[in-house]
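The values are calculated or read from the model by the stated rules, or taken from the named source; none is laboratory data. Owing to the predicted nature of the structure, the values given are computational and were not obtained by experimental measurement. For neighbour counting, all protein chains shown are included, and Cβ atoms are generated from backbone atoms with ideal geometry for every residue, glycine included. Each accessible area value is taken on the protein alone, full model and side chains, heavy atoms only, with ligands, DNA and RNA left out. Shrake-Rupley method; radii C 1.70, N 1.55, O 1.52, S 1.80 Å.
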Amino acid sequence: MKDVRIDRRVFLRGVGGVAAGIAATSLTACGTGSSRSVGSGGKSAKTLVVRDSGGAYGEALQKAVYAPFTQETGITVQAVNLQGTQMLAQIKQGRPQFDLINNSMMDHAKFVAQNALETLDTDRIKSIKSAKIPEGQITDHAVAGSFYANCMAYRTDAFGGRGPESWADFWDTKAFQGSRSMCNPDADLPELEFALLADGVPMDKLYPLDVDRAFDVLTRLRSDVKKFWDSGPLPGVLLSRQEVTMSTVWDGRLADLQKQGVPVERQLNGARRQFQGFAIAKDAAHVDAAYQLLDYSLRPEVQAALAKTFPSNPASPVAYTKLTDEERSKLAGAPEYYDKGFDADINWWIKNESAITKRWLEWARG
């Protein structure tokens, strides 16, 4: 199954190649990717087409968001899985065959630069206020509903009962012996922030990133990095096989391993958050229905329902009050964990990701 974050990387590369994509592609939504519908038994006079990443995340959206929305409104939701070039080709032609886009806020920002999104009338999205969505996650063109965190995972049996408490400990291979794993840019943004935190940069002083300093710190750990992971499950596999004692990881990836009895734990100090949300495609055919689903998806109880179905963290702090203590404790967005992490500066990354990724690939090859 696909992972929403892997799809984000494919999506981002697609936006970068939009000129070629538009020249080469003439597409319809139903003719590319996968298409999944949630119907209302013929009661609905409207169909809303939503782009999401499919896979387990798409299934969770269907169960927790689309199906109950259809029940409440009678609006049928059809979900399609399209890449960035495919969506932009349709929008540039003035005929998008989808209405609402679910993707990372970073990718939405890149679409804004392509004039591919509608400007939002936030007065039509009543749930923004009741859900208390963070101001920084409400833009003129998109609103975040959830986030994931990139954090540290470690084997609890590897260090004599001790556990790492910071990224400095991740870099300390004398006190915390064993190999490491970090992500490949095919999976997520290069982990420069973690290197800077390990070198003593305060969390609130990270941006703009000191790139040269970050690569110097990464170089100190390079010989201890056994594998650069390029898929969500791989850190868990490496930890389970004891090929590494620590790895960076997406925070929701450890729950299944823990259920299987694998001695692994996460450390959320210095976790990097990236938000996911909805935006309306430019010239969408069903704008009113798109606003209705956007508003519905932000309700705290709906965000909580999604968190129970898929390991994502609600953007709404109110949503956590709708969860049990056990459910809440698993989420990086819970009140007791939230201030331990930081938000990725997507504007900095949009400007610098291409150059950083090129330098990272050269660095990784040695």
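Given +1 at the Cβ of Lys and Arg, -1 at the Cβ of Asp and Glu and no other charges, the dipole of region 132-289 around its Cα centre is 540 debye to the nearest 20. Comparing Ile346, Ile356, Leu238 along the charge dipole axis of the chain, the residue lying farthest to the positive side is Leu238, per the Cβ-charge model.
First measure r as the distance between the Cβ atoms of Val211 and Gln258, then evaluate 1/(1 + (r/R0)^6) with R0 = 45 Å and state the FRET efficiency to the nearest 0.05. That gives a FRET efficiency of 0.80. Whole-Hz Karplus values for region 329-336 come out as 5, 7, 9, 5, x, 4, x, 6 Hz, taken residue by residue from phi with 6.51 cos²θ - 1.76 cosθ + 1.60 and θ = phi - 60°; glycine and proline positions read x.
Taking amide H as placed 1.01 Å from N in the peptide plane, the amide H of Leu48 sits under 5 Å from that of Thr76, Val77, Gln78, each at least 5 places away or on another chain.
Leaving ligands, DNA and RNA out of it, rank Val237, Val262, Val80 by accessible area with a 1.4 Å probe, largest first.
Working: Val237 50, Val262 30, Val80 0 Å².
Sorted descending by solvent-accessible area, the residues read Val237, Val262, Val80.
Could you tell me which of rounded, prolate or oblate describes region 90-202, using a ≥ b ≥ c as the square roots of the eigenvalues of the alpha-carbon gyration tensor, with rounded for a/c under 1.5 and, failing that, prolate when a/b is larger than b/c and oblate otherwise? Don't skip to the end; give the middle numbers.
Values: a/c = 3.22, a/b = 2.29, b/c = 1.40.
It is prolate, given that a/c is not under 1.5 and a/b is the larger ratio.
Farthest toward the positive end of the dipole of the chain, out of Gln86, Val318, Leu221, is the Cα of Gln86, where the dipole comes from beta carbon charges about the Cα centre. What is region 210-366 by shape, rounded, prolate or oblate, if you read a ≥ b ≥ c off the alpha carbon gyration tensor as root eigenvalues and call it rounded for a/c under 1.5, prolate for a/b larger than b/c, and oblate otherwise? Since a/c reaches 1.5 but b/c is at least a/b, the shape of region 210-366 is classed as oblate. A convex hull fitted around the alpha carbon atoms of region 273-336 yields 86 Å³ per residue.
Spin-label model, Glu336 to Asp283: label points 7 Å out along the Cα-to-beta-carbon direction sit 5.2 nm apart. Computed 3J(HN,Hα) for region 112-126, one whole-Hz value per residue from the Karplus formula 6.51 cos²θ - 1.76 cosθ + 1.60 where θ = phi - 60°, is 4, 5, 9, 6, 10, 10, 6, 6, 7, 9, 5, 5, 8, 10, 4, glycine and proline marked x. Of the listed values (1) 32, 26, 23; (2) 62, 21, 18; (3) 35, 23, 18, grab the one calculated as semi-axes √(5λ) of the Cα gyration tensor in Å from the structure here. Structure-derived value, by its label: (3). Sum -39500 (n - 2.57) across every DSSP H segment of at least 4 residues in the chain, then divide by the residue count to get the 222 nm mean residue ellipticity, nearest 500. Value at 222 nm, helices only, nearest 500: -10500 deg cm²/dmol.
If you wrap a convex hull around the Cα atoms of region 143-275, how much volume per residue is inside, in Å³? About 111 Å³ per residue, rounded to a whole number.
What shape does region 209-251 have by the C-alpha gyration tensor, where a ≥ b ≥ c are the square roots of the eigenvalues, rounded means a/c under 1.5, and otherwise prolate means a/b greater than b/c and oblate the rest? Walk me through the intermediate numbers first.
Numbers: a/c = 3.13, a/b = 1.84, b/c = 1.70.
Prolate is the answer for region 209-251, as a/c is 1.5 or above and a/b outweighs b/c.
Of all the options Gly136, Gly74, Gly94, the one that moves most in a Gaussian network model of the chain with Cα springs shorter than 10 angstrom is Gly136. Amide H contacts under 5 Å for Trp229: Met182, Cys183, Asn184, restricted to partners 5 or more places along the chain or on a different chain, H placed in the peptide plane at 1.01 Å from N. A cut-off of 5 Å between modelled amide H atoms, ignoring neighbours fewer than 5 places along the same chain, links His141 with Leu120.
Simple point charges give the picture: +1 on the Cβ of Lys and Arg, -1 on the Cβ of Asp and Glu, and for the chain a dipole about the Cα centre of about 720 debye. When the charge dipole of the chain is built from unit charges on Cβ atoms (+1 for Lys and Arg, -1 for Asp and Glu) and taken about the Cα centre, the candidate among Gln71, Tyr337, Phe159 whose Cα reaches farthest toward its positive end is Gln71. Given a Förster radius of 35 Å and the C-beta distance between Glu326 and Lys132 as r, what FRET efficiency does 1/(1 + (r/R0)^6) yield to the nearest 0.05? Efficiency computed from Cβ-Cβ geometry: 0.90. In the context of the full protein assembly, His141 retains an accessible surface of approximately 40 Å², using a probe radius of 1.4 Å and ignoring ligands and nucleic acids.
Between Ser354 and Lys226, what FRET efficiency comes out of the Förster formula 1/(1 + (r/R0)^6) with R0 = 30 Å and r the beta carbon distance, rounded to 0.05?
Given R0 = 30 Å and the Cβ-Cβ separation, E is 0.65.
For region 261-275, 3J(HN,Hα) computed residue by residue from phi via the Karplus equation (6.51, -1.76, 1.60; θ = phi - 60°) reads x, 6, x, 10, 8, 10, 10, 8, 4, x, 5, 9, 9, 10, 9 Hz, glycine and proline entered as x.
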